[in-house]
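The values are calculated or read from the model by the stated rules, or taken from the named source; none is laboratory data. Please read these numbers as outputs of a predicted model, since none were measured by experiment. Heads up, the Cβs are rebuilt from the backbone with ideal geometry, glycines too, and the neighbour counts pull from every protein chain shown. Just so you know, the surface numbers come from the protein's heavy atoms only, side chains and all, with ligands and any DNA or RNA stripped out. Shrake-Rupley method; radii C 1.70, N 1.55, O 1.52, S 1.80 Å.
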Amino acid sequence: MPFISKIQRQTDYNRFPPSTPIVIDNGASYFRIGWAGETEPRVIFRNIVQRPRHKSTGETVTIVGDHDPALLKYFDCTRSGPRSAFDSNVVFQFEIMEYILDFAFDRLGATGSRIDHPILITECVCNPVHSRSKMAELLFETYGVRSVAFGVDAVFSYKYNQLHGICEKDGLAICPGFTTTHVIPFVDGEPVYKGCCRTNIGGYHITDYLKQLLSLKYPHHMARFTWEKVEDLKMEHCYIAPDYALEAQLFQKGGKEAEDKTRCWQLPWVPLPTEEPPSEEEIARKAAIRERQGQRLREMAEAKRSSRINELENQLRGLEFLLQQLGQVQEEDIPSFLSETGYASKQEIESTLTKVTQSLRKAKGEPKPEQAENEEKADSCTSDKYSLINVPDNMLTPEQLKEKKRQIFLKTTTEGRQRAKQKRVEEELERERKTQQDEERRLENPQLYLEQMHTKYKELYEKVELRKRLKTNGGHTNGSNSGGVGRGERLNAAQRERMRLLTTAAFDRGKGEDTFGAKDEDWQLYKLMGKDNDDDDDGADEDEAELARVSSRLQEIDSTFVPKPEPSASQPATTEVPHVRQRTKEDFQIVLGVERFRCPEILFHPNLVGIDQVGLDEMTGVSIRRLPSKDKALEDRLTSSVFMTGGCSLFPGINERLEAGIRMLRPCGSPIKVARALDPVLDAWRGASLYAANSRFHQQTFTRSDYYEKGEDWLRRYQVRYTL
C-alpha cells in the first residue's frame, strides 16, 4: 500500500530482540510509537488518515499524519478529507486504525507482516469493552503480536512525574486532552476509577472556537485560517485569564494594558507600486519612437497606395484598349469577341471602365466632379427612371398604372431620404458654427466663459431634476406629499384631450354592434388621438441633450469639474458615487485581543460553546464526592497534589486559575497545590516506556492464547496494576 509522508523510516528494527516491548501512545490528536526503555518515541505523527486519488493515474494513495501541502496539487482531495479513528477519545473506526498501525509499524522499521513483540498501548479512562476487544482482535489477528497490555495515558504520566517528585501517591490527575477532559483520583499510587469524572471539552473545541471567531471577524481572510495555522496561533498566543469578567472589562475599556496584551499577525502584503511621472528624457524617447512608428506606417500606406494606383491604371488602359478593339470588330463577330474577354456586352465594359476611373480618381485624391454636373445627371436619370409619373392615367395600360404607382413610391422615398440627409448636413453645420462661436467666446474671456458654463449647467440640472420629480410626485415638490397624486392630475392639456376622445369613443361604441371604422370620419378620431402635442416631453429631451453637451464641454475645459449623477425618481440627486478604498497594510493584519483568553475559557465554562457540562475546577469537587470513602484527611491529601497533564495544560495561567477555582469549592484552610507535568505532551509515553521496561511487565499482559481461550468477557475484568 503506497504511503505519502515526510517521516523517515527507522533502520534498526532488527537490532531489538523479540522480548522488547513496543510502546504506543494512541492519542486522539497524535500517535507516538517507540521502544520500551527509551526516553523519546521513535515516530510521532497526527492521528488522521486521508485517501485521495492521483489526478493523472487515478491510483488511490494513503496519506497518514503530517504531509507536505505542496503534494496535494497532484491529488484530488475533494472527495476524501482527513478522517480520524476516534469518536471523542474512543476508537471506533478500526479500518482507519489499521491504516495508522500499518504506517506506524512501517516507519518503525518492521519488514514482515508479523510484529513479534509485546505491545503496550494506551487507551482512555473506562474504555468500552467493545473498543478494547476490537483493538485486541486487530493486533492479534492482523499483526500476530505476542501479547498486549492496555493502560491509561494520564495514569502513566502521573506515575512518571511521581518518580520525579512532582506529585504524591495520593492526588488528583487532571488531563484536558484533545476532545475530552478527565479527572482521576489516586490513592496509594493506584487510580480509583469509581471517582473519575469526564467532560466532552478539549483542545479541539478551543481551536474550532478560535477558528470561528477569526472567520467572523475577518471574513475576507477565511482561507488563511487553516486548522494547522489556527492550532499554532492557539498554542502561541492564548492564555487563561485569572478572572474572565475583569479581563473582558479591561479589553472593553481599552488602554495601554489591553494594548500590551493584544497580538498582531501580519499577513503577506505587497504595497501597490507608486507611479512616478516620466522624466523629460523618457517623454522625448517615447515621442521619437512614436514618430518612427508613424513614419513607417506612412511609408507602408504610400507604398500600398502606389501599388493600388498602378494596378488601377493598368486595368484602365486594358479596358480602353478593349473598347478600341471592340469598335474595329464587325457586328456579327462581336459575340465571339466578347466571349473571349469574359464580358457579356459593351455596356458592361463601359460600366466597369467608369467604376475603375472613379476608383483611380479616389486613390489619387482628385476632387469629385462639380455638384452641378451631378445634379444634371441626377435630373436626367430621374426623368429617365420615373418616366410615367407625369403621364395621365387614362393614357396608360393596367400594367403601366402599376408601374406608375411603384415609381411614385420610389420617388417619394428617395426625396425623403435626400431631405433627411440635407437636414443632417445642416444640423452638423449649425453645431460646428455654435462650437466655433463658443470657442471664440472662451478665447476672449476664459474666466467669464467658465462661470457662464457652470451657471448654465446648474440651471439645466435643476430644471431636469424638477421635471422628473414632477412626473413622479405631480404638482407637489415636498417630500411629505410625494406619491399622493394620481396619474390624471399629472396630465397636460393635450394628453387629457386624447383621454377624453378615447373615453367618448368607447362609450358611444359600447352599445350594440361595433361599426367603428366603417365611415371615413371615424378615422379622423385616430388622427386627433395620434397628434403628439406633448411639448413638455420634447422640451425635456432638448434640455437633457443640452445638459449632456454642457457637461461634456465643462469636462474638456475644467479639470476640476465632476458631473453630478443623473437624478431619478427612486434615487435622490444628492447621492454620491461610492469610493473604493485601496487596501493597505492594516487590512492584512489579524489582531488577537479578547480571543486570546476567550477561547481557552471554555475549559472552565463549556456553556460558552453550547456544552452544558461543568468546568475543570468543578470536576475536582465532583471527583472527590464520588470516592467511596469520605475521609477529610484523604480529601486534603488529594487537593494538596493536583497534577495537570495533557496538551491544554500548557496554557499560561491555568495552574493559578485552577487553584483559585478549587479554593472556592473547598473549606477554608484546605491545602491546595497544583503542579504541571514536566512535559504534558510526552510524559504519558515516557511513563509507559518505563512501565514496559520493568522486568515484571509480562505479568500484566495477556497473550494471544489467553484471548482465544477466555474471550471478550475476560477483557471486561482485565486491569493492569501500575505499581510493580
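The figures follow:
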| quantity | calculated |
| --- | --- |
| Residue count, region 588-630 (criterion: more than 21 Å from Phe225 (Cβ to Cβ) and within 38 Å of the chain's Cα centre (by Cα)) | 8 |
| First in region 408-424 and without any contact (Cβ under 8 Å) to a residue 24 or more places away in the chain and part of a helix (DSSP H, G or I), second anywhere and among the hydrophobic types (A, V, I, L, M, F, W, C) and open to solvent by less than 100 Å² (accessible area, probe 1.4 Å), Cβ under 9 Å, 6 or more apart | Ile408/Leu388; Ile408/Ile389 |
| Subset tally (residues that are of a type in the set (Lys, Arg) and either open to solvent by less than 10 Å² (accessible area, probe 1.4 Å) or not in a helix (DSSP H, G or I) (or both)) for region 678-703 | 1 |
| Residue match in region 217-226 (condition: small (Gly, Ala, Ser) and under 27 Å from Tyr722 (Cα atoms)) | no |
| Residue among Val152, Val125, Val183 that alone is modelled with pLDDT under 95, buried (at least 18 other Cβ atoms within 10 Å of the Cβ) and under 30 Å from Asn655 (Cα atoms) | Val125 |
| Subset of region 577-621 [surrounded by fewer than 18 Cβ atoms within 10 Å (Cβ to Cβ) and assigned to a helix (DSSP H, G or I)] | Lys585, Glu586, Asp587, Phe588, Asn607, Leu608, Val609 |
| Test for Pro52: is it touching a Lys or Arg at 6+ places or on another chain (Cβ under 8 Å) and either surrounded by 18 or more Cβ atoms within 10 Å (Cβ to Cβ) or on the phi > 0 side of the Ramachandran plot (or both) | yes |
| Residue match in region 32-47 (condition: free of Cβ contacts under 8 Å to residues at least 12 places away in the same chain, surrounded by fewer than 21 Cβ atoms within 10 Å (Cβ to Cβ) and part of a strand (DSSP E or B)) | no |
| Filtered residues of region 423-473 (kept if among the charged types (D, E, K, R), open to solvent by 70 Å² or more (accessible area, probe 1.4 Å) and closer than 24 Å to Ser559 by Cα) | Arg431, Glu432, Lys434, Glu440, Arg441, Glu444, Glu451, Lys456, Lys458, Glu459, Glu462 |
| Any hit, region 388-404, residues being at pLDDT 80 or above, assigned to a helix (DSSP H, G or I), surrounded by 13 or more Cβ atoms within 10 Å (Cβ to Cβ) and of a type in the set (D, E, K, R) | yes |
| Residue, surrounded by the most Cβ atoms within 10 Å (Cβ to Cβ), within region 704-724, restricted to residues that are under 55 Å from the mean Cα position of the chain (by Cα) and assigned to a helix (DSSP H, G or I) | Leu715 |
| Tally of residues being under 22 Å from Ala241 (Cβ atoms), open to solvent by 20 Å² or more (accessible area, probe 1.4 Å) and either of a type outside the set (Lys, Arg) or not in a helix (DSSP H, G or I) (or both) across region 630-673 | 13 |
| Hits in region 87-125 - residues which are over 30 Å from Pro18 (Cα atoms) and touching a residue at least 12 places away in the same chain (Cβ under 8 Å) | Ser88, Asn89 |
| Check on Glu320, under 30 Å from Gly342 (Cα atoms), in contact (Cβ under 8 Å) with a residue 24 or more places away in the chain and not hydroxyl-bearing (Ser, Thr, Tyr) | yes |
| Unique match (being within 36 Å of the chain's Cα centre (by Cα) and of a type outside the set (Phe, Trp, Tyr)) among Gly254, Gly318, Gly327, Gly294 | Gly254 |
| Qualifying residue in region 309-318 (condition: open to solvent by 90 Å² or more (accessible area, probe 1.4 Å) and modelled with pLDDT under 90) | yes |
| Flag if Asp558 is open to solvent by 40 Å² or more (accessible area, probe 1.4 Å) and at pLDDT below 80 | no |
| Residue ID - nearest to Lys229 (Cα to Cα), chosen from residues in region 261-284 that are over 34 Å from the mean Cα position of the chain (by Cα) and open to solvent by less than 100 Å² (accessible area, probe 1.4 Å) | Pro278 |
| Hits in region 91-136 - residues which are within 42 Å of the chain's Cα centre (by Cα), outside any helix (DSSP H, G or I), within 19 Å of Val64 (Cα to Cα) and not polar (S, T, N, Q) | Val91, Phe92 |
| Residues being surrounded by 11 or more Cβ atoms within 10 Å (Cβ to Cβ) and modelled with pLDDT under 90 - total across region 285-307 | 2 |
| 1 or more residues in contact with a helix residue (DSSP H, G or I) (Cβ under 6 Å, 6 or more places away or on another chain) and either closer than 30 Å to Lys364 by Cα or polar (S, T, N, Q) (or both): qualifying helices (runs of 4 or more DSSP H) within region 202-307 | 203-217 |
| Residue in region 139-152 that is closer than 21 Å to Met235 by Cβ and either among the aromatic types (Phe, Trp, Tyr) or in contact (Cβ under 8 Å) with a residue 60 or more places away in the chain (or both) present | no |
| Hits in region 155-172 (condition: within 12 Å of Arg676 (Cα to Cα), touching a Lys or Arg at 6+ places or on another chain (Cβ under 9 Å) and open to solvent by 10 Å² or more (accessible area, probe 1.4 Å)) | Gln162, Ile166 |
| Single residue of Ser640, Ser623 found to be in contact with a Lys or Arg (Cβ under 8 Å, 6 or more places away or on another chain), touching a residue at least 40 places away in the same chain (Cβ under 8 Å) and farther than 30 Å from Tyr218 by Cβ | Ser640 |
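Quick grid of which residues meet (1) at pLDDT 95 or above; (2) among the β-branched types (Val, Ile, Thr); (3) over 30 Å from Cys648 (Cβ atoms):
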residue: Pro572; (1), (2), (3): no, no, yes
residue: Thr584; (1), (2), (3): no, yes, yes
residue: Val594; (1), (2), (3): yes, yes, no
residue: Ile602; (1), (2), (3): yes, yes, no
